[in-house]
Amino acid sequence: MFAAVMHAPSAIHIRPALAADVPALERIVTAAYQKYIPRIGKPPGPMLDNYGQLVARNVVAIAENTSQPPGRFVMGFVVLLPAETYLLLDNIAVDPAHQGSGVGRVLMAFVEQEAHRLGLSELRLYTHEKMTENLAMYPAWGWTETERRTENGYNRVYFRKSLTIP
C-alpha cells in the first residue's frame, strides 16, 4: 500500500513495515502507551492490537533513522486503514526517546501524502478522552473534533481533517 519516502535532511525514512519490524512496533507501542493505563484503568486499544497481522495486511508504515550506525532503527509508526471516502489513522506511535524530535510531524505529513495518493480528501482518527495531550495536539495540527462516544469499552473522541486534493 505504501511507497517509501525519505524526509531529507532529517534522515527519517518512511517505509512499509516488515515482519522483522514487529518486535520494534510492540516495544514502541508499549513504551508510548503504558503511561495511559493508570488514567484509563486498562491498556489502551493500540496495546491490544496484533501487529503481526497488521503488518501482514500492509497497513503499517514505519519511520526509521537511516543515519545512525549500525544501520537503521524504528523511531515510530502509523497504522492506516483506508475506507471508501476517508483514510483512518488508526494509530500513530513514536518511541518516547524520539518524542519532540519531529518524528510525529513527519509521520503526519506521510499520512496526508497517503490520503492524497489514494485520492481521499478526509482523514479521521480517534483517541481516548483521558489522553489529554492528544486532545490538545490534534486541534493544533488542524483536526476538528466531531463526536464523543463509548466504543468497545473506551470513551473515545473522534476527529477529522479535510484535505485539498491537488
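Placing +1 on each Lys and Arg Cβ and -1 on each Asp and Glu Cβ, with no other charges, gives the chain a dipole about its Cα centre of roughly 220 debye. Residues considered: 92, 12, 37. Largest GNM mean-square fluctuation over the chain, using C-alpha springs under 10 Å, is found at 37. The alpha-carbon atoms of region 5-162 define a convex hull whose volume equals 115 cubic angstrom per residue.
Stretching residue 83 away from residue 130 to a fully extended chain increases their span by 14.3 nm, per 0.36 nm per residue minus the current alpha-carbon distance.
Taking the square roots of 5 times each eigenvalue of the Cα gyration tensor of region 21-62, largest first, gives ellipsoid semi-axes of 21, 10, 7 Å. With a Förster radius of 41 Å applied to the C-beta separation of residue 67 and residue 39, the computed FRET efficiency comes to 0.70.
A short reminder: the numbers here are calculations on the coordinates, not readings from a lab. Treat the numbers as computed from the prediction; the structure is a model and nothing was measured. Positions of Cβ are backbone-derived with ideal geometry, glycine not excepted, and every protein chain shown enters the neighbour counts.
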